[in-house]
Ligand code: PMP
């Protein structure tokens, strides 16, 4: 690193982390996940370091990345509007396509209006940061996504955490807050590393009793849960509603961007306060075109959702019957929990030799002893691909002595 005095506080941290990486004695060519994967357009295989491997850790839940209709929509948007936007949304950056996308997001999610941000990260930081300030309290599930935590910290409000998916603990936390202030409870609808679902009805009941707002992040639930992929409210038969819903356009929807939905009056207010909305460039036309077409396809082809749901239930059942620990997963996100970081790395390496990519997630992203491969079953995976993956995951698990022969 640069030897100047300005770097002296950072350098020990960088050295320590690099030493830890070296200590794990990872294969030199596999030292990190920052390698380039070249996807095949018509399958779930990717090329990486000259190998052709089946990708089992991607985000494309409804299998639309590379879909010709989505590609054509992105191209048409570029033909009409060019590759960039002339500014931030509030200063000449809004094109009619943004408004069309916002109308579609609102319609799909069953709300009056929506606002589209340049990423899901920005949507969370902007929303949480705008809703609360000094004197207010934000209550976060222990496993909430980093963007929610960052937004909460930036807001200046008091931030407290409650135990994962534990409404009774939230109840106790809320009991200690001032009812004359804004209390905002934020949860992920589906947890990205565990694939479990937030208990919306119980959370709603606790929030109502304390007069707190309930916000859900639908990043991993849109296109994934609910009979037609509409997320957590549909999963619970539309019996209860969240006050605020946010999500991304980068997972089931194969584009970029984030969204928030709510009533028009609230969003007009938020538009003027959410800093990532005000101070970051508007979404580029290709991203907007791709997102719009993907949402329309998702609306017309709910069978994508049901197929991925059925295949992931089958995958979970076979893996757990074979002795693998899939945690509390109920969705297309299925962790294969193997214990230490070293176990996860060795297992991922053995899977790779067997022809599949299951990406390891280790500390600090998960608590010590709960390292895992994070698997996601998508609508693009064929039955044949999933069976091949099951075979490879189990062969590798036997080799690593995670399960018996
Ligand atoms: N929320 C959750 C739960 C996520 O998993 C992610 C991305 N991993 C985000 C928000 C941020 O979304 P984006 O990548 O579109 O910025």
Q: Scan the range 163-182 residue by residue and report those that are within 23 Å of residue 126 (Cβ to Cβ) and in contact with a helix residue (DSSP H, G or I) (Cβ under 9 Å, 6 or more places away or on another chain).
A: 182
Q: Scan the range 378-405 for residues that are closer than 23 Å to residue 192 by Cα, buried (at least 20 other Cβ atoms within 10 Å of the Cβ) and out of contact with any strand residue (DSSP E or B) (no Cβ under 7 Å at 6 or more places or on another chain) and jot them down.
A: 378, 379, 380, 381, 386, 397
Q) Right, residue 195: over 30 Å from residue 325 (Cα atoms), touching a strand residue (DSSP E or B) at 6+ places or on another chain (Cβ under 7 Å), at pLDDT 95 or above and buried (at least 19 other Cβ atoms within 10 Å of the Cβ) or not? A) no
Q | Subset of the range 236-253 (residues that are over 12 Å from the mean Cα position of the chain (by Cα) and within 16 Å of the ligand (Cβ to nearest atom)) | A | 242, 244, 245
Q | Count - residues of the range 298-335 that are at positive phi and under 19 Å from the mean Cα position of the chain (by Cα) | A | 1
Q. Quick check: anything in the range 286-304 assigned to a loop (DSSP other than H, G, I, E, B), more than 11 Å from the ligand (Cβ to nearest atom) and buried (at least 19 other Cβ atoms within 10 Å of the Cβ)?
A. no
**Q.** Filter result for the condition that a residue is under 22 Å from residue 309 (Cα atoms), within 12 Å of the ligand (Cβ to nearest atom), in contact with a helix residue (DSSP H, G or I) (Cβ under 6 Å, 6 or more places away or on another chain) and in a loop (DSSP other than H, G, I, E, B), over 192, 221
**A.** 221
Q: Would you be able to say whether some residue in the range 146-159 is away from the ligand (no atom under 14 Å from the Cβ), buried (at least 18 other Cβ atoms within 10 Å of the Cβ), within 30 Å of residue 289 (Cβ to Cβ) and touching a residue at least 60 places away in the same chain (Cβ under 8 Å)?
A: no
Q: Among the numbered conditions (1) in contact (Cβ under 8 Å) with a residue 12 or more places away in the chain; (2) more than 14 Å from residue 262 (Cα to Cα); (3) touching a helix residue (DSSP H, G or I) at 6+ places or on another chain (Cβ under 9 Å), tell me where residue 143 comes up short.
A: (3)
Q. Closer than 24 Å to residue 93 by Cβ and buried (at least 24 other Cβ atoms within 10 Å of the Cβ), is that true of residue 257?
A. yes
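The values are calculated or read from the model by the stated rules, or taken from the named source; none is laboratory data. Just so we're clear, the structure is a prediction, and the values are computed from it rather than from any experiment. For neighbour counting, all protein chains shown are included, and Cβ atoms are generated from backbone atoms with ideal geometry for every residue, glycine included.
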